[in-house]
1. Kindly report, to the nearest 10 Å², the accessible surface of K7 as traced by a 1.4 Å probe over protein heavy atoms only.
2. When Lys and Arg each count +1 and Asp and Glu each count -1, what net charge do the other residues less than 15 Å away from V58, Cβ to Cβ, add up to?
3. Can you list the HN-Hα couplings for the range 87-104, worked out from phi with the Karplus curve (6.51, -1.76, 1.60; θ = phi - 60°), rounded to whole Hz and with x for Gly and Pro?
4. Please list, in order along the range 43-51, the HN-Hα scalar couplings obtained from phi with the Karplus expression 6.51 cos²θ - 1.76 cosθ + 1.60 (θ = phi - 60°), rounded to whole Hz, x for Gly and Pro.
5. May I ask you to evaluate 6.51 cos²θ - 1.76 cosθ + 1.60, the Karplus curve with θ = phi - 60°, for each residue of the range 68-85 and list the ³J(HN,Hα) values in order in whole Hz, giving x for glycine and proline?
6. At most 16 other C-beta atoms within 10 Å and a DSSP loop state: those are the exposed GluC sites (Glu not before Pro) I care about. Give me the longest piece of the chain that has none.
7. Quick one: net charge around F34, please, counting Lys, Arg +1 and Asp, Glu -1 for every other residue with C-beta under 15 Å from its C-beta.
8. For Cα Rg over 2.2 N^0.38 Å, the choices are (i) 1.14; (ii) 1.38; (iii) 2.54; which was calculated from the structure?
Amino acid sequence: MILEKLKQNSRINYLCNVWNVYSKRKSIKYGLPFIVFMIGGSFGLREWTQIRYQFSAVKGVSKEEAEKMGLHREKEVTLESAYEEIKNLDIDNWENKRGPRPWENNIEQNKQK
């Protein structure tokens with residue numbers, strides 16, 4: 001039992017010495033993380049681009065399928081109908097309303113109105 005503890009301590013001391021020697025080298029200190037980052041980044045980018053191609057094949061749902069799922073549109077929106085709504089707005093008569101600042105008390109702001 002004592003011999004096993006001595007062997008483990010000697011192994012731990014050996015690993016600590018090896019770590020101290022290699023951690024002082026610039027090629028290990030800066031080069032190894034760079035290489036790991038580059039190789040890991042390539043695998044990560046591969047996964048992200050795979051997601052792009054995987055979901056590009058997904059088709060949208062048709063109008064009938066959407067209605068079966070409970071998604072109903074009230075009316076059809078077209079560019080012309082949106083233009084007519086905007087054209088009817090009165091953009092000449094408006095009032096500038098100041099928003100509250102973080103350092104101001106909102107109660108004071110409400111009293112001024």
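1. 120
2. Computed value for this residue: +1.
3. Those phi angles translate into 5, 7, 6, 8, 9, 8, 10, 8, 10, 7, 10, 7, x, x, 8, x, 8, 9 Hz.
4. Each residue of the range 43-51 in turn: 5, x, 5, 4, 5, 5, 6, 5, 4 Hz.
5. 5, 7, x, 9, 10, 9, 6, 8, 7, 9, 10, 5, 5, 5, 5, 5, 5, 5
6. Here the longest segment lacking exposed loop sites spans 1-73.
7. +3
8. So the calculated entry is the one marked (iii).
The values are calculated or read from the model by the stated rules, or taken from the named source; none is laboratory data. Owing to the predicted nature of the structure, the values given are computational and were not obtained by experimental measurement. Reconstructed Cβ throughout: ideal geometry from the backbone, glycine too, with neighbour counts over all protein chains shown. For accessibility, only protein heavy atoms count, side chains too; no ligands or nucleic acids. Shrake-Rupley method; radii C 1.70, N 1.55, O 1.52, S 1.80 Å.
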